[in-house]
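Data block below; observations after.
All of the numbers you see were taken from the coordinates with simple rules; none came from a lab. The model shown is predicted, which means the values in this text are computed figures rather than measured ones. All Cβ positions, even for glycine, are placed from backbone atoms using ideal geometry, and neighbour counts span all protein chains on display.
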Amino acid sequence: MKTSNLKLYIPMVLLFTLSGCATFHSEIEGSSGLDAMKTPGLDPVDVLFVSRHLVQTRGLDAIPKLQNQWQILKGFDDILLDATGELSNLNRYASYTEFSSDMSDPKRIALKDSLLANYKLRIVMEFRVEKSFSKYFLGGIASALSFTIIPIPYTREFYLNVDVYDSLGRFAKSYKRSATTSKWVEILLFPVYPFHTEMRKVEEIYVAFLHDVFREIENDQILRYGTND
């Protein structure tokens with residue numbers, strides 16, 4: 001490589017390496033606005049939490065795809081465990097995460113069947129993350145051509161659908177939440193990055209989603225009717 005080209009190449013690499021980014025999230029759409037509370041006197045119930053984590057790049061994926069165990073949000077089990085504190089009459093519980101490979105895995109099929117047999121009441125949570133391929137592609141071009149001097153927002157949309165089923169397998173109620181994150185990429189945002197990381201903002205959305213939905217379930221006393229009594 002010529003010396004003149006090397007002198008140009010090194011600053012370009014440094015610019016992209018040091019490019020700053022800061023991520024912010026919106027308010028939770030559909031939030032119940034309820035405060036945490038406990039309902040005394042309810043009989044304890046056993047619950048199976050079933051989760052599905054889907055991702056779709058609009059313009060690239062024809063349908064949402066189930067994420068594998070390495071793609072789902074790191075620490076999701078801890079977030080779910082923390083949110084279960086909103087439910088006052090939760091007794092035994094278990095969590096099962098669905099993967100697309102389950103359909104051809106006899107052990108996973110047997111595990112799910114066993115859990116469904118032992119935990120009659122189910123809370124099924126579907127998380128879906130979407131982004132626009134065209135917006136990311138064009139944003140990447142604009143960012144590269146301007147050496148990240150032009151601030152570019154990369155937006156992702158997060159959705160949560162929760163369905164509750166009673167001990168007889170009957171649908172009881174559905175809950176929905178949504179929010180977005182915007183990651184701004186620009187060289188001058190480098191000092192801001194440690195305070196607004198993308199991972200932190202995504203975790204905050206998942207925490208807010210589950211705590212708010214579980215508070216509404218508690219307020220509706222849905223789990224009160226989870227037994228055959």
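Setting aside same-chain residues fewer than 8 positions from residue 120, which aspartates and glutamates have a Cα under 17 Å from its Cα?
43, 46, 163, 166, 229
From the cross-link list 112/176; 65/173; 65/112; 74/201, which pairs have alpha carbons spaced over 23 Å apart?
Pairs exceeding the cut-off: 112/176; 65/173.
List the aspartates and glutamates whose Cα lies under 14 Å from the Cα of residue 131, skipping any in the same chain that are fewer than 8 positions away.
61, 157
So how far apart, in nm, are the two label points at residue 62 and residue 109 if each is 7 Å from Cα heading toward Cβ?
Distance between label points: 2.5 nm.
May I ask you to derive the FRET efficiency for residue 135 and residue 173 from their Cβ-Cβ distance with R0 = 41 Å, giving the value to the nearest 0.05?
Rounded to the nearest 0.05, the efficiency is 0.75.
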